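Visitor: Structure provided below as structure tokens; questions to follow.
Derivation of every value follows stated rules applied to the coordinates shown; laboratory data play no part. Since we're looking at a predicted model, the values are computed, not measured.
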């Protein structure tokens, strides 16, 4: 149960080893100078937005903003209503206690 589960080993052949070849050195005047450094090619897929998908993304973001805003406003309203009701209860209790003391 607690023994580790290892993934199966790769079935790819081992990388070929490059053996150095005995060649004569090339003079510097004959070697072509690279114009620009080589850009590595990425294997990751690129995301391309079409006008339709950009519109859908903007509409989805707008909907999220509206929903979050509605939730926050309703929570603020709930806190305000609760505070007002507590204040009204405090005023009523105070008036009841003052009326009791006067008797």
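Visitor: What length, rounded to one decimal in nm, is gained on full extension from residue 58 through to residue 99, with 0.36 nm per residue of separation minus their alpha-carbon distance? It would help to have the intermediate numbers written out before the result.
Guide: Values: separation 41, 0.36 × 41 = 14.76 nm, distance 6.15 nm.
8.6 nm is the gain from fully extending residue 58 to residue 99.
Visitor: While we're on this one: Taking the Cα atoms of the stretch 63-103, what is the range of coordinates along each of the three principal axes, in descending order and whole Å?
Guide: So the extents along the principal axes, rounded to whole Å, are 61, 5, 5.
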